[in-house]
Amino acid sequence: MAFYDGLFKVLGLSDWCGAGASNAPMSMADLLAQNTGEETKGEFFPFPSLDNLNESCSGIIQSRDVTKGIENGFLAAKPALKSVLDPITQPLSWLLDGALWTFATIPWFIMVPILVAISYYASRSKAVTGFVLFSILLLGLVDHYDVAMQTLSIIFVCTGISVLLGVPIGIAMSKSDRLQRSVVPVLDLLQTLPTFVYLIPLIFLFSVTESKLYGIAIILYAIVPVVRLTDLGIRLVDKDVIEAANAFGMNARQKLVKVELPLALPNIMAGINQTIMMSLAMVVIASLVSAPGLGVNVLRGIRNLELGVGIVAGIGIVLLAVILDRVSKAALSRVDMTHVKH
Amino acid sequence: MTKEPKVSLRGLYKIFGAKDEAILHHVQAGMSKEDLLVQHHHVLGLQDINVDMQAGEITVVMGLSGSGKSTLIRHLNRLIDPTAGEILVDGEDVMALSETGLRSLRQNKMSMVFQKFALLPHRTVLQNAGLALAVRGEDAATCNAEASKWLDRVGLKGYENHYPAQLSGGMQQRVGIARALTANTDIMLMDEAFSALDPLIRTDMQNLLLELQEELHKTIVFITHDLDEALKLADHLVILKDGAVVQQGEPQGILMNPSDPYIEDFVSDINRARVLRVKSVMEPLTGTEFAGDVSLHDNLESMIARSGGDTTLHYRVMDGDAPVGELHMRDLVKALVPRLSSGDA
Ligand SMILES: Nc1ncnc2c1ncn2[C@@H]1O[C@H](COP(=O)(O)OP(=O)(O)OP(=O)(O)O)[C@@H](O)[C@H]1O
Ligand SMILES: [Mg+2]
C-alpha cells in the first residue's frame, strides 16, 4: 500500500492507473529492501517523485524511463547528426594527428630552437625566451619532452582554430546587436558548463579513438574568450575615431581593417591569451577521452595512486602554462606599446 | 550678391528619437525644446535652419553648449541624417545620394577637423595626414609626398614618424588640419577645432588658419562657442540657440545691431575696440577737412591710439587708394558702448 494510492482514488484516476498494483520494474531501493527481508514501510510523507507516484499508479513513468528516453532520443538522432558533423569535423582529426606526428617526428635538437625562436619573435624579450628554453630542457631532463610536445601540439592546433573561428564571430557580433544577443547566452553556457559535461554528448557522437573528439571539446571550451574580447574590443573603439573614418569616406571594409581591428588588437590579444590558457586546462581533462600528453600521466597518477608520476606531470603542466602565458602576455604588451595612450 | 552658394541648408529639422518624423509637426507648429522633451521624450536638435555658405568664405556657427552646433555641421556630410529639409552642396541634393555617392562626396568634396583630434593612434603622423588620399586609393608615394608637404606647411616638419600620442594637443590638431588640407577638398568642416587648446596655441592656430585661407580660399564651416574666435575668423556668422538660428550675417553688423537679448548678452563682454573696425562705424563722405587717412580695416583700438583720445577729430576712410567715407571720433566712442535692442539699460 503506497502513500499516494488515496490521491489517485480521489482524483478518480484509478482506472487509468491500471488497477493499483504496479508491474513496473522495482526501483533500486525496493530491491535492496526486499533483499534485507523487510517490507518497505516508506517515509511518513514521501516526495511526490516519479518513482513514488509510480508505486501508486503504474500509468506514471519512472525516473529511469526519463534517462532512458533521453538516451534513446540521442541514439535516434545520432546517425543524422553524425552524417552532418562527421565530414565537417574530419579535417580537425587530420590536423590534430598531423600536428602530433610533426611534433613527434622533428628531432628535439631542431624542435627546441624552433620553439625558442617562436617565443623570441612573439615576445621580443630575452628573459621570457630564456625561461622557455630552461623549461623545455627541464622537461626533457625528466623524460617528459615527448608528452609535453604532444600537449603543446594539441594546444597549437586548437588555439589556432579557435582564433580562426572566434575572431570572425566576434567581428560579426560587434556589428549586429541581434547576433550579439543570441550568441552571448551560448557563450555563457559554454563557459559555465563544467568541463566534464561537454564530453558526454561528444562521446555519444564520435568514437573515443578519433582525435576530433577531444579537439572539439577543447575548441568549444577555449573559443569563448577570443569571441567575447573581439566583440568587446571592436565595440570599445573610440567613437570619435570611427566618426573621423566615416567623415573621410571609408567603406566598411577599410574601417574594419584600418581602424577597428588595429585598435581592438590589445583586447583581441588578451582574448587569445585566455584561449591558450583554457585550451591547456581542457587538454588535461580531455586525457579522459584519449587525448595524449601530460594529462595522461596525471590520470595515471590518480588511477594507480602513483604519486610521483602525477606530481611530475603536474609540474610539467604548470611549466607549460607559465611559458604559454608569459609569451602571449609579452606579445600583448608589445602590441599595447605601439599605441601608447596618454 | 547673387552667386550660387557653395553649401546651403533649407528648412532643416532634426529631432533625436525613434518617432522623429511622427512628431515633426509639433515642432513645426512651434513647440519648444523643453515641451518636446517632457511631452514626447524626443530631443530637439535643429529647427528650421536656413543658411547659405558662400564659396571661399569662413562661415562660423556659434552658440552655447547644446545649441546644436555639432549636430548642424554633421548634417553637411550626413554623419547625421536630418528629419526634414534639404542639404545642397554645389547645387546637388546630398539627401538624394546613394551610399557610394555619399562616400565619394566625403572623400572628394569635404574634409573634417575634430575637437578631439580623432587621429589614428596606431599610425604615424605622416600616415595620419595622408589618410584621405589613402582612402581614395592613391599609392603610398603620392600620399606621403602630399602629406609631408602639408605637414611642413602647418609647422610639423620633422615629426613625420612620430605617433600622435607623442605630440602635444596643439601639434595633434595641426596633424588634424594637415589631414584635412591633404584631402585637398573645397569644403572644410571644423567642429570646435581649437576649443581643446590653450589660449596661446589657440591664437596661433587661428592665425595659421587665416594665413592658409588667404591663399587657399576654401569654403570653411567653423564651429565655436567663443565669440572672440568667431569674430576673428568669420566672414559670415550664424548664431544658434536651442537648435534655431537667432541671427546671421556679417559679424560686425551683428555686433552693432544685435537683434535679440540672447545675442546682446553674448556681445556685451567682448573687447569692442579691438573687434570693431572702421568700416562698421564710418559715415558717408561729406566733409573736406580731415586729420588724416585711415584704412577701412583698422580696428577702433588703433584709431583711439592714433587720435590720442581726442574725440573732436575726423578722418578720411580709404579702401586701398579710394576714399570711401569719413570717421568721426565721437561716433567711434559711442560705438564702444553696446547698444541694447530692448532700449532699457
Ligand atoms: N545622438 C543624440 N541623441 C539624442 N540627443 C542628441 C544626440 N546628439 C545630440 N543630441 C542633443 O542635441 C542637442 C545639440 O547637441 P550638439 O552636440 O549639437 O550641441 P553642441 O552645440 O555641439 O554643444 P557642445 O558645444 O557642447 O559641443 C543637445 O541637446 C543634445 O543633447
Ligand atoms: Mg559640439
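So which residues in the stretch A:218-245 are within 14 Å of chain B (Cβ to nearest Cβ) and surrounded by fewer than 19 Cβ atoms within 10 Å (Cβ to Cβ), if there are any at all? A:L236, A:D238, A:K239, A:D240, A:I242, A:E243 - these are the residues of the stretch A:218-245 that are within 14 Å of chain B (Cβ to nearest Cβ) and surrounded by fewer than 19 Cβ atoms within 10 Å (Cβ to Cβ). For the stretch B:118-131, a tally of residues being among the β-branched types (V, I, T), buried (at least 23 other Cβ atoms within 10 Å of the Cβ) and either within 11 Å of chain A (Cβ to nearest Cβ) or at positive phi (or both) returns 0. Of all positions in the stretch B:13-22, at least one carries a residue that is within 24 Å of B:I263 (Cβ to Cβ), in contact (Cβ under 8 Å) with a residue 24 or more places away in the chain and either within 16 Å of ligand 2 (Cβ to nearest atom) or of a type in the set (A, V, I, L, M, F, W, C) (or both).
Say we look at the stretch B:60-82 and pick out the residues that are away from ligand 1 (no atom under 12 Å from the Cβ) and away from chain A (no Cβ under 14 Å); which of these is surrounded by the most Cβ atoms within 10 Å (Cβ to Cβ)?
Filtering the stretch B:60-82 for residues that are away from ligand 1 (no atom under 12 Å from the Cβ) and away from chain A (no Cβ under 14 Å), the one surrounded by the most Cβ atoms within 10 Å (Cβ to Cβ) comes out as B:V60.
Taking each residue of the stretch A:163-187 that is touching a residue at least 24 places away in the same chain (Cβ under 8 Å) and looking for partners that are surrounded by 18 or more Cβ atoms within 10 Å (Cβ to Cβ) and acidic (D, E) with beta-carbon atoms closer than 7 Å, six or more apart or interchain, yields A:G170/A:D231; A:M173/A:D231; A:S174/A:D231; A:Q180/A:D231. Check the stretch B:70-92 and report whether any residue there is over 30 Å from B:Q247 (Cβ atoms) and either within 16 Å of ligand 2 (Cβ to nearest atom) or within 21 Å of the chain's Cα centre (by Cα) (or both). No. Within the stretch A:247-283, which residues are within 9 Å of another protein chain (Cβ to nearest Cβ) and either surrounded by 20 or more Cβ atoms within 10 Å (Cβ to Cβ) or in contact with an Asp or Glu (Cβ under 9 Å, 6 or more places away or on another chain) (or both)? Result: A:A247, A:F248, A:G249, A:M250, A:N251, A:V259, A:L263, A:L265. Residues that are of a type in the set (A, V, I, L, M) and closer than 21 Å to B:A230 by Cβ were ranked within the stretch B:24-51; the one that is farthest from ligand 1 (Cβ to nearest atom) is B:V51.
Can we say B:Q54 is closer than 30 Å to B:D226 by Cβ, surrounded by fewer than 23 Cβ atoms within 10 Å (Cβ to Cβ) and either within 14 Å of another protein chain (Cβ to nearest Cβ) or within 16 Å of ligand 1 (Cβ to nearest atom) (or both)?
So B:Q54 fails the test.
Filtered by the rule that a residue be more than 25 Å from the chain's Cα centre (by Cα) and away from chain A (no Cβ under 14 Å), the stretch B:150-180 gives B:K157, B:G158, B:Y159, B:E160.
Does B:G137 satisfy being at positive phi and at pLDDT 90 or above? Here the answer is yes, as B:G137 does meet what is asked. Can you tell me which residue in the stretch B:196-222 is nearest to ligand 1 (Cβ to nearest atom), limited to those that are within 17 Å of B:M53 (Cα to Cα) and away from every other protein chain (no Cβ under 14 Å)? In this case the residue turns out to be B:F222.
Among the residues making up the stretch A:68-114, those that are under 23 Å from A:D143 (Cβ atoms) and either in contact (Cβ under 8 Å) with a residue 24 or more places away in the chain or of a type in the set (D, E) (or both) are A:A99, A:L100, A:T102, A:F103, A:A104, A:W108, A:M111, A:V112.
Condition test on B:G45, is it in a strand (DSSP E or B) and within 14 Å of ligand 2 (Cβ to nearest atom)?
yes
All but one of (1) of a type in the set (A, V, I, L, M); (2) without any contact (Cβ under 8 Å) to a residue 40 or more places away in the chain; (3) away from ligand 2 (no atom under 16 Å from the Cβ) hold for B:L233, so report the exception by its number. Here B:L233 clears every test but (2).
Here B:A147, B:A134, B:A193, B:A183 are screened, and the one residue that is under 24 Å from the mean Cα position of the chain (by Cα), away from ligand 1 (no atom under 16 Å from the Cβ) and surrounded by 18 or more Cβ atoms within 10 Å (Cβ to Cβ) is B:A183. A single entry from A:F3, A:F8, A:F47 fulfils the requirement of being modelled with pLDDT of 70 or more and exposed (fewer than 13 other Cβ atoms within 10 Å of the Cβ): A:F47.
Among residues of the stretch B:90-110 being closer than 14 Å to B:L189 by Cα and within 7 Å of another protein chain (Cβ to nearest Cβ), the one that is surrounded by the fewest Cβ atoms within 10 Å (Cβ to Cβ) is B:Q107. Pairing residues of the stretch B:184-200 that are closer than 16 Å to B:L227 by Cα with residues that are assigned to a helix (DSSP H, G or I) and within 13 Å of ligand 1 (Cβ to nearest atom), at Cβ distances under 6 Å and at least 6 apart in sequence or on separate chains, gives B:D191/B:S70; B:D191/B:I73. With respect to the stated conditions, B:G85 is more than 10 Å from chain A (Cβ to nearest Cβ), buried (at least 18 other Cβ atoms within 10 Å of the Cβ) and at positive phi.
The values are calculated or read from the model by the stated rules, or taken from the named source; none is laboratory data. A quick note: this is a predicted structure, and the numbers were derived from the prediction, not measured. Don't worry about glycine lacking a Cβ; one is built from the backbone with ideal geometry, like all the others, and counts go over all protein chains shown.
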